[in-house]
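To start, the structure itself, in structure tokens.
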Amino acid sequence: MIINHPILGPRDAQEFVYLGDANLINRPDGMTAGIEAFHDYLYNRDNPAGAHRELWYHEQGDRSWLVVTRNTLTHEILKVELARDVAKAQGRSK
Amino acid sequence: MRYSGFRVIAEALTGHKGWKPVWRDPEPQPAYDYIIVGGGGHGLATAYYLAKEFKQARIAVLEKGYLGGGNVGRNTTIIRSNYLLDGNEPFYEFSLKLWEGLEQDFNYNAMVSQRGIINLIHTDAQRDAFTRRGNGMILNGADAEMLSRDQVRALYPFLNFDNARFPIKGALMQRRGGTVRHDAVAWGYARGADMRGVDLIQNCEVTGMRIENGRIRGVETSRGFIGAGKVGVAVAGSSSKVMAHAGMRLPIESHVLQAFVSEGLKPFINGVMTFGAGHFYVSQSDKGGLVFGGDIDGYNSYAQRGNLPVIEDVAEGGMALMPAIGRARLLRTWGGIMDMSMDGSPIIDKTHIEGLYFNGGWCYGGFKATPASGWCFAHLLAKDEPHKTATAYRFDRFLKGLMIDEKGQGAQPNLH
């Protein structure tokens, strides 16, 4: 699989480390959320067959985190964004 | 029709005209007492034991494709019970004991071949860990044996014992481990279930679940609605898809795992060998092909095929362990969809919906578990309480911090 990095251009997926569902960005607030919310965040997954937004870390590159939208039925990569931009757009991060 | 040596001879003398289809192809009834979703190894084993051991009536197995077309037809056929933890080892030893009596039990040749499995040791720390694991196995009634370097050399003289990074120092041996003809397991269970009146309904995909007042009433399928008192789901890689019909999110990710077969070679690997440090394990089939595999590709996938980097990684592992295979050609590779649970251990449990039960999260270790998985799931469906070897396989273990961290990792190793 070739991931079209927003800054570096097309890179082999082997340069990346995979973390899973991009919803991991949305960590509940540790001061207010209960055990159930954290359990759901940490362990449960949508695990869709089809378009899946997921986190890839460019470990052997510029060490950026990406949100890659990929079809889990065909491995086709549909969209690549910087995780930073995604998190900011969701009002996380500074 | 019972199979026997006499039967084979009689058929040979009469032109093989007496063989009949091994199971019926029934139309679905309007309702059943029990519906098992998934006509793979675990689903068929569940139906078989439900009918045979728990004497339950009106059972159907619904399969979206053909029987045994998923992971039971795609694995590397290894059976073993070399686990460490209390939540696991009694279950897998129960499974191995069922394997040992399986062919007589369901009157079908599954080619159960107990040729021994070794896990290679490369460091003192690993020897300590494997010694502990071996003791854990013995405490639970399994067999385990520590082999010295020379004993491993006597078995497999061609291994690279002086590999600079992973020199071979010994091995943990389980002599009762081995391989089984995987398709025959599905066929044997299917035939045994059919003979006991179970309806095996193929080309019947579950497209929805009818749930009223917190109780399951039946399933919507591509062949219409089918009512049910109880529904058991055993669909491996499709677990999240099917359970989403009941509004459930599971602690499971679906990943692709590849397996490989080389061209046929003369016999030189008698048993099963695992080289954990190099992400490689191998056995040799009766036809001579090396059957081997390694790690999952490492990303969510529902495609039953993987990518080239893992093929390269597995081939490198094989070459590091036994350089002699360098000229062997790879005949086939294929992929299956693993239901990777978050702690690497399975789930056999009720759900919050009355009458709906779940069996999954087998990761890449489901084949060896097939008989016990079927037995324990049938036990849960029939008696509404877990079998004594499967009490730890609960949904709520993640909430309560009771994970079974046999390997210490699930879908994501998080080692980077």
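Conditions (1) assigned by TED's automatic domain parsing to the domain that holds B:E205; (2) modelled with pLDDT of 95 or more; (3) more than 18 Å from the chain's Cα centre (by Cα), marked per residue:
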| residue | (1), (2), (3) |
| --- | --- |
| B:L257 | no, yes, no |
| B:Q284 | no, yes, yes |
| B:G306 | no, no, yes |
| B:G318 | no, yes, yes |
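Within region B:316-340, if we keep just the residues that are touching a residue at least 60 places away in the same chain (Cβ under 8 Å) and over 29 Å from B:S238 (Cβ atoms), the residue that is surrounded by the fewest Cβ atoms within 10 Å (Cβ to Cβ) turns out to be B:R329.
With the structure loaded, tell me whether B:I59 is at pLDDT 95 or above and under 15 Å from B:T221 (Cα atoms) or whether it fails that test.
no
Residues checked against (1) surrounded by fewer than 23 Cβ atoms within 10 Å (Cβ to Cβ); (2) within 14 Å of chain A (Cβ to nearest Cβ); (3) over 30 Å from B:F395 (Cα atoms):
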| position | (1), (2), (3) |
| --- | --- |
| B:P251 | no, yes, no |
| B:L257 | no, no, no |
| B:L265 | yes, no, yes |
| B:V282 | no, no, yes |
| B:G298 | yes, yes, no |
| B:N307 | yes, yes, yes |
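The one condition from (1) under 24 Å from B:G306 (Cα atoms); (2) more than 12 Å from every other protein chain (Cβ to nearest Cβ); (3) in contact (Cβ under 8 Å) with a residue 40 or more places away in the chain; (4) of a type in the set (G, A, S) that A:A13 does not meet is (2).
Applying the criterion of being at the interface with another protein chain (Cβ under 8 Å from one of its Cβ atoms) and β-branched (V, I, T) to the residues of region A:16-39, the residue that is nearest to B:L250 (Cα to Cα) is A:I35.
Taken as a whole, the structure places B:Y357 among residues that are in the same structural domain as B:G38 (by TED's automatic domain parsing), over 20 Å from B:L84 (Cβ atoms) and not charged (D, E, K, R).
Within the group B:D343, B:D313, which residue is in contact (Cβ under 8 Å) with a residue 40 or more places away in the chain and within 14 Å of chain A (Cβ to nearest Cβ)?
Only one candidate passes the filter, namely B:D343.
Picking from residues in region B:391-406 that are basic (K, R) and surrounded by 15 or more Cβ atoms within 10 Å (Cβ to Cβ), the one that is farthest from B:P346 (Cα to Cα) is B:R397. I'd like the full set of residues that are more than 14 Å from the chain's Cα centre (by Cα) and more than 8 Å from chain B (Cβ to nearest Cβ), limited to region A:51-84. Selection gives A:Q60, A:G61, A:D62, A:E76. Taken together, the residues in region B:317-371 that are over 27 Å from B:S285 (Cβ atoms) and aromatic (F, W, Y) amount to 2.
Just to verify a result, which residue in region B:365-390, among those that are exposed (fewer than 15 other Cβ atoms within 10 Å of the Cβ) and of a type outside the set (D, E), is nearest to B:G101 (Cα to Cα)? Step by step, filter region B:365-390, then rank; the result is B:K388. A:L42 meets each of the listed conditions (1) closer than 21 Å to B:A244 by Cβ; (2) touching a strand residue (DSSP E or B) at 6+ places or on another chain (Cβ under 7 Å); (3) within 11 Å of chain B (Cβ to nearest Cβ) apart from (2).
Taking the criterion of being surrounded by 24 or more Cβ atoms within 10 Å (Cβ to Cβ) and more than 14 Å from chain A (Cβ to nearest Cβ), would at least one residue in region B:213-221 satisfy it? I'd like the intermediate steps shown before the answer.
Restricting attention to region B:213-221, the residues satisfying the condition of being surrounded by 24 or more Cβ atoms within 10 Å (Cβ to Cβ) are B:219.
Within this subset, residues satisfying the condition of being more than 14 Å from chain A (Cβ to nearest Cβ) are B:219.
Yes, the conditions are met somewhere in region B:213-221.
Kindly check whether there is at least one residue in region B:227-240 that is surrounded by fewer than 18 Cβ atoms within 10 Å (Cβ to Cβ), touching a strand residue (DSSP E or B) at 6+ places or on another chain (Cβ under 9 Å) and at pLDDT 95 or above.
If we filter region B:227-240 for residues that are surrounded by fewer than 18 Cβ atoms within 10 Å (Cβ to Cβ), which is where we start, we get B:227, B:229.
Going one step further and asking which of them are touching a strand residue (DSSP E or B) at 6+ places or on another chain (Cβ under 9 Å), we end up with B:227, B:229.
With the extra rule that they be at pLDDT 95 or above, the set shrinks to B:227, B:229.
Within region B:227-240, one or more residues are surrounded by fewer than 18 Cβ atoms within 10 Å (Cβ to Cβ), touching a strand residue (DSSP E or B) at 6+ places or on another chain (Cβ under 9 Å) and at pLDDT 95 or above.
The values are calculated or read from the model by the stated rules, or taken from the named source; none is laboratory data. Given the structure is predicted, the values throughout are model-derived calculations rather than measurements. Glycine also receives a Cβ, built like all others from the backbone with ideal geometry; neighbour counts cover every protein chain displayed.
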